[in-house]
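Here the structure is laid out as structure tokens; the discussion comes afterwards.
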Amino acid sequence: MNFKNNVMMKKAFGAAAAATMIFSTVAAPVFANETVIVAQDNAANDLNNSVSFSGMARLNGMDKVNTASLTHEFRISETVVMDLKEFKAALKAEIAKDGKNDLTLSGLDVNLNRTKVTTVLTLPEGIKFDAKVARENSIVVAGSNAELESISLVNGAVECTMNYNVQALLEDAAKDEKASLVTLIDELPDAVDFNIDLAGLAFDTTKVKAGDKVDFNLSAMSDFDFSAKIKDSTDGYIVNTTVRTEAKLNGVNVEVSDAVTMFRLYNPNSGEHFYTADSNERAQLIVKGWNNENIGWYAPETSDKPVYRLYNENAGDHHYTMNGEEKDALVNLGWKYEGIGWYSADEETGKPLFRAYNPNAKAGSHNYTLDKTEQDHLVSLGWEDEGIAWYAVK
């Protein structure tokens, strides 16, 4: 299957001259963006550039950069990365300066407090936000130690607060009490990242039309404390620092489109490919273990050529067809009709989507693709070429 990855380059600006630029490859394409990485305040120990902190935004599923569908809900994925490598190096330097390299954990009280990360997405004119939909359908991905605390709309901005139990990371690293404090710091992860796939966003079609452009701004804040002291000692802390971080992402430009994004997913257990325009349905399937294969194609918002969606409850398989007689025949055989899934473009102006059939499969027996190479490959493996299923928007 020929789905291309896009590479996001994030550019460092501002006070953190020594901060490392971060490069990230993501499966879904991204908006054009610039990231500000700001130097940290470390009042306790004056640790310079202790944490590189970045924010990035991408529009899920869009392989036409800066494009979103006018009449369908869309999602924004907000990712925050705390790069701890320089922080760890600074802590070790602080310990070495005081000649405490050989102190073992058995004689120390070490604490790394819970980290709270807050992202703030400023909504431009013409964007609607449904907090209830967001709370019910947004997805947080940050490992087992993370949790979503809240999503709310405050003064025209969407605030998402996530907690990360960094003390659990410390406890994992400190299982050997004979290990040194330096070893403990080495065992901490080099980076901690949070991602929230934010749902509930849509264009207000009374204020925005196809071809318009809108700008989003995203910022993120975080803080945590690290301390180490000798047990039962009155000499004070070996290390005691508060790290506060902030990143800003300004002027993320998105162009409004009148096409509908059709998402493609794959169930590795049944072998079924699934297609939907509903970003919430897509997100829930990903949570359940379906593989995200990003964009299948773009469909017209409406036309006189509907594509029907059906479901076989016994086989756990979906089927899609423009043929009304085929739809009715499957319903008579017990398939559940789930309505119009999307629309086909015209043959004269559209791009053909090919349909192939696997006679040996119980589920996932049909595959639909724009990619002629993929179609030909399946046919070479024994699938039956069933021609053109419908047409996508070019």
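The values are calculated or read from the model by the stated rules, or taken from the named source; none is laboratory data. Computed from a predicted model, the values in this text were never measured in an experiment. Cβ coordinates were reconstructed from backbone atoms using ideal geometry, including for glycine residues, and neighbour counts include every protein chain displayed. These area figures cover heavy atoms from the full protein model, side chains too; ligands, DNA and RNA do not enter into them. Shrake-Rupley method; radii C 1.70, N 1.55, O 1.52, S 1.80 Å.
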Query raised in the report: Can you tell me which residues in the stretch 280-323 are open to solvent by less than 40 Å² (accessible area, probe 1.4 Å) and assigned to a helix (DSSP H, G or I)?
Result: 280, 282, 283, 285
Query raised in the report: If a residue has to be touching a strand residue (DSSP E or B) at 6+ places or on another chain (Cβ under 6 Å), modelled with pLDDT under 85 and not hydrophobic (A, V, I, L, M, F, W, C) to count, how many in the stretch 249-268 make the cut?
Result: 6
Report task. Considering (1) outside any helix (DSSP H, G or I); (2) open to solvent by less than 30 Å² (accessible area, probe 1.4 Å); (3) not aromatic (Phe, Trp, Tyr), say which one residue 338 fails and leave the rest. Result -> (2)
Query raised in the report: Say we look at the stretch 196-211 and pick out the residues that are modelled with pLDDT under 80 and over 30 Å from residue 184 (Cα atoms); which of these is surrounded by the fewest Cβ atoms within 10 Å (Cβ to Cβ)?
Result: 211
**Report entry** Residue check for residue 271: at pLDDT 80 or above, within 20 Å of the chain's Cα centre (by Cα), closer than 27 Å to residue 137 by Cα and assigned to a loop (DSSP other than H, G, I, E, B)
**Finding:** no
Query raised in the report: Counting only residues that are of a type in the set (S, T, N, Q) and either over 17 Å from residue 319 (Cβ atoms) or buried (at least 20 other Cβ atoms within 10 Å of the Cβ) (or both), which one in the stretch 343-394 is nearest to the chain's Cα centre (by Cα)?
Result: 369
Requested in this report: Of the conditions (1) modelled with pLDDT of 80 or more; (2) surrounded by 19 or more Cβ atoms within 10 Å (Cβ to Cβ); (3) assigned to a strand (DSSP E or B), residue 217 clears all except one; give me its number.
Outcome: (2)
Report task. Check whether at least one residue in the stretch 224-231 is modelled with pLDDT under 75, β-branched (Val, Ile, Thr), in contact with a helix residue (DSSP H, G or I) (Cβ under 8 Å, 6 or more places away or on another chain) and assigned to a strand (DSSP E or B), and report yes or no. Result -> no
Requested in this report: Starting from the stretch 66-79, take each residue that is on the phi > 0 side of the Ramachandran plot and list its partners that are at pLDDT below 70 and not in a strand (DSSP E or B), counting only C-beta distances under 8 angstrom and pairs at least six apart or across chains.
Outcome: 66/31; 66/32
